Every structure is written in C-alpha cells, then in structure tokens.
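Some notes on the structure that comes next.
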Amino acid sequence: MAWTREQMAARAAKELKDGYYVNLGIGIPTLVSNYVPEDVDITLQSENGMLGVGPFPLDNEVDADIINAGKQTVTELKGTSYFSSADSFAMVRGGHIDLSILGAMEVAENGDLANWMIPGKMVKGMGGAMDLVAGVRRVIVTMEHVSKDGASKLLKECSLPLTGRRVVDMVISELGVFAVDKKGDGGVTLIELADGVTVEEVKAKTKAKLSIDAGLKVA
Amino acid sequence: MANKVYKDAKSALEGVLHDGMMVMCGGFGLVGIPDRLIHAMRDAGVKNLTCVSNNAGIDGAGLGLLLEAGQVKKMISSYVGENKTFAKLYLEGKLEIEFNPQGTLAERCRAGGAGIPAFYTKTGVGTEVAKGKETKVFDGQEYVMERGLVGDLALVKAWKGDTSGNLVYRKAARNFNPMMATAAKICVAEVEELVPVGQLDPDHIHTPGIFVNRILCGAPYDKQIEQRTIRKA
C-alpha cells in the first residue's frame, strides 16, 4: 500500500524542526500543519502578509480581514504579526524562511521544478511560488509520483515551463522519500520507501536518474 | 493644509481619470481591495486601463467589475485563477496579461514608489519570466533585472485614516496597499473610519500622509469572503 495524501503530509511533517519558520502551499502541504510533532514549535508564514497563522476559525470567529494565501479564513495566534507584501517577500527572498513545502507537476533530477503552467491551457499565474522556491532555504515537494495518465513526474528534465531552476531539496510521493542533488549531478536518491512499496515499483515509475540509499528505510 | 478629504469615491476621482491610464490597485483576493473606488471607476466608464494588482477580483467583485465592463486592456498580476470573466476575455483575445511573481510584483511597486528604476532578484532566473531580461551574477549567483513600476493612479484601502492622509491598515488587509500608495502620480485612499488629524498614534501609522493625495470614508463596509473555511468546536 502506497501512502495516502494524509500519510504523505505526516511524513513531510517529520522534516519540521523546532523554531522553524515555514511556508506551506495549497493541497497536501496544507495538511502538514495537522501533523506537527508535539515537541516541535513552528511558525507558519503566509505570503499575503501574515506570520503566525492559526487554524481555521470557529463559525463565530470568522474575520474577513484574516486570510491565508489560499484566500481561506484563518485565525491569529499569540505573537502573530501582519506586514506588507513587500516585507513578506523580503522574508521569502532574503532567506529568512527555513522551509517551503509545495506541490508540483514535474520535478527533474537536478532539482528543477515545474508547477505553474501548462502551455495551451488557461494559465492562472505563479502567485508566490517562484519567489518561494528561489528564496526559501529548503524546498520540499509533495506530489503524486505519476500523473493521471500514468507518466512519471520525477524526470530527467522537466517538459513544462519551469518555476525554478535547481531548487528542490526533497520529494515526498506516495511511493517514498527522495533526496535531490540540486547542486550537482547525483540525481535523486530513494531514502525511504512507503509501506508496501517495492524498489522495483519506484524504479518503474521514475524517469530521473535514481540511486537507492544504502541505509534505505522501509516505513 | 490643502484639503484632501472628499465626500465619496466619485468625487475623489474627479479630474484624475483618463482612458489608457495605469492604475495601481491594492488588495489580495478580496481582502483590502478599494471596493468603493473600483465601483466609481466602473461608473465613470474610463477605458483601456492597465491594472497592476496581485489578483483580478472575482466575478461580480473587485477588479472583476472593470473586467466585466470591458474597461481593462491589460492586467499585471501574479494570480488570476478566481475569475471566470478573466479567462473568457483572455481566450477571446480581449485582454492582455503580464504575469509577475508575487514578490517581484510587490518589489516592482515598492521600488517604483521609492524612485528606484530597476533591481535584481533571483526569483524567476532560468524561467520564462526572465526571458529577454538582463541578468547579472553577484557573488556567484545569477539574478534577473526587474523594473520599478509607477502608475498614473493608485487606489488603496485602509482601515483608519486621518484628514491629512495618514493610513492604518487592518490585519491581512494591508498586503499590497502600502506599496501601491507610493507607486503612482496620484493616490486616492478609501477608509473604513476617517478621523480628524491628531487622533491616530504617530507610532502606529503604516502609510504616512505624504503618499496620499485624496481620502474618503467608504463606510459602512460589508466585507465579502472568498473562501469561508471554519473548524468545528
């Protein structure tokens, strides 16, 4: 059995360290906040100008002026701050955010990321994704390993227009966890297998240059 | 001191509108958008606008109103996914779009308002965003040059303002408003509460009045929520 979306989020949460400032993208990354370990204290940044993002409000707590970057209503915590979009991206671009977790359409073996447009289809825009992957210290992608039509999304080279060049540090898919050599040409290394998944299945579904870590963990 | 206070959005825009102008518009999603001023822009019928705004509103709200009325020629934005009218106009070839990464857009406005014509950023290096733009290596890292932006008119929304144009924003409704306020020849601000000069704490002012030419109170506001997400008690 491969990992579910929830299990992928729970695995990504293990990458969180105490004191981290973290930006979470939409989809599986948002779920990560449900799995923060008890002994780990993190602060969520939302690029629309909020640091210290709390959970969704109770029905009687909704405030139209408190939203996250996905335009969802959220709440304040003790220590929350608000700031302009320029200050927000000073945090992002200036390397002040420790970790960004986001989704992807394709990741290449050198860490190239494509997640913002498909030529010929209506383009919605990149939002803050290009700034985040360029500026945040560590970038983790959570994504399905293959597309709906069965094609691998972990590739030698991205076929779609890039969001960033050599930016991805780690990929977590339903099949396992992969370290990405974004500085060199080492490709991707399988460091952890999801429950019930075989190395053969990973190899069959991966187009990127793949190595198997000597200390491979089987979840 | 010259009077900056106008009785409503319509009168605050008198004499500053012309076809083909570039309008800088604050807000993120529907939060912190200058709703009264956008309505007045629509009613004034000014056309061929270039709108610089992170988003393009939704159908029936925000800049969606100007799109539906066919008043916008071009958008400079980072994300327009919420708007069906936008997609329709774009696919019909009636609307141009220039996508900017969100942080680059914010910095282009900040720089423009601060008299900085261009800056270098690592955002977008190696992507379509950098095509045709100058790049330069600093300390071993490649950067792309982006231009500052200055519009003809800035429309911003604040929580409180005073009669000299000082502004205080509320919570996440600050977003793009402080940069937009600085990045145009004329800035018009609408506020929820307009107070006499001297009543705002000088230490708490986000946008000093020097950036604001005209101000109006748009109350009462009935703020729309794009995605009302709640948790159970």
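What follows is calculated from the coordinates using simple rules that are stated; it is not laboratory data. Predicted model only: the values in this text are computed from it and were never measured. All Cβ positions, glycine included, derive from the backbone under ideal geometry; neighbour counts span all protein chains shown.
Just a few scattered comments:
- A:Leu113 touching a residue at least 12 places away in the same chain (Cβ under 8 Å) and surrounded by fewer than 24 Cβ atoms within 10 Å (Cβ to Cβ): no
- Taken as a whole, the condition of being under 18 Å from the mean Cα position of the chain (by Cα) and among the small types (Gly, Ala, Ser) applies to A:Ser100.
- Selection over the stretch A:159-183 of residues that are closer than 30 Å to A:Met1 by Cβ and crowded, with 24+ Cβ neighbours inside 10 Å gives a count of 9.
- Members of the stretch A:5-47 that are surrounded by fewer than 21 Cβ atoms within 10 Å (Cβ to Cβ) and among the small types (Gly, Ala, Ser): A:Ala10, A:Ala13, A:Gly19, A:Gly27, A:Ser33
- When B:Pro101, B:Pro117 are checked against the criterion of being surrounded by fewer than 24 Cβ atoms within 10 Å (Cβ to Cβ) and either within 10 Å of chain A (Cβ to nearest Cβ) or closer than 30 Å to B:Glu190 by Cα (or both), a single residue qualifies: B:Pro117.
- Residues in the stretch B:193-207 that are among the acidic types (Asp, Glu) and in a loop (DSSP other than H, G, I, E, B): B:Asp201 alone.
- B:Ile210 meets all of the listed conditions (1) β-branched (Val, Ile, Thr); (2) within 14 Å of chain A (Cβ to nearest Cβ); (3) farther than 30 Å from A:Arg165 by Cβ; (4) not in a strand (DSSP E or B) but one, namely (2).
- Scanning the stretch B:145-181 for residues that are among the polar types (S, T, N, Q) and surrounded by 24 or more Cβ atoms within 10 Å (Cβ to Cβ) yields a total of 3.
- Members of the stretch A:1-50 found to be farther than 23 Å from A:Gly127 by Cα, of a type in the set (Gly, Ala, Ser) and assigned to a loop (DSSP other than H, G, I, E, B), listed by number: A:Ala2, A:Gly19
- Across the stretch A:194-219, the qualifying residues are those that are among the aliphatic types (A, V, I, L, M) and in a strand (DSSP E or B), and the one among them that is surrounded by the fewest Cβ atoms within 10 Å (Cβ to Cβ) is A:Ala214.
- Answer residue from the stretch A:18-53, given it is more than 27 Å from B:Pro101 (Cβ to Cβ) and not charged (D, E, K, R) and is farthest from the other protein chains (Cβ to nearest Cβ) among those: A:Gly19
- Criterion applied to A:Val53, A:Val74 was being closer than 19 Å to A:Val136 by Cα and among the aliphatic types (A, V, I, L, M), and the one residue passing it is A:Val53.
- Single condition B:Thr135 does not satisfy, out of (1) in contact with a strand residue (DSSP E or B) (Cβ under 9 Å, 6 or more places away or on another chain); (2) in contact (Cβ under 8 Å) with a residue 40 or more places away in the chain: (2)
- Any hit, the stretch B:23-32, residues being exposed (fewer than 15 other Cβ atoms within 10 Å of the Cβ) and either more than 14 Å from chain A (Cβ to nearest Cβ) or among the aliphatic types (A, V, I, L, M) (or both): no
- Residue within the stretch A:76-95 that is touching a residue at least 60 places away in the same chain (Cβ under 8 Å) and out of contact with any Phe, Trp or Tyr (no Cβ under 8 Å at 6 or more places or on another chain) present: yes
- Considering the stretch B:69-98, and only residues there that are in contact (Cβ under 8 Å) with a residue 24 or more places away in the chain, more than 8 Å from chain A (Cβ to nearest Cβ) and in a loop (DSSP other than H, G, I, E, B), the residue that is surrounded by the most Cβ atoms within 10 Å (Cβ to Cβ) turns out to be B:Asn83.
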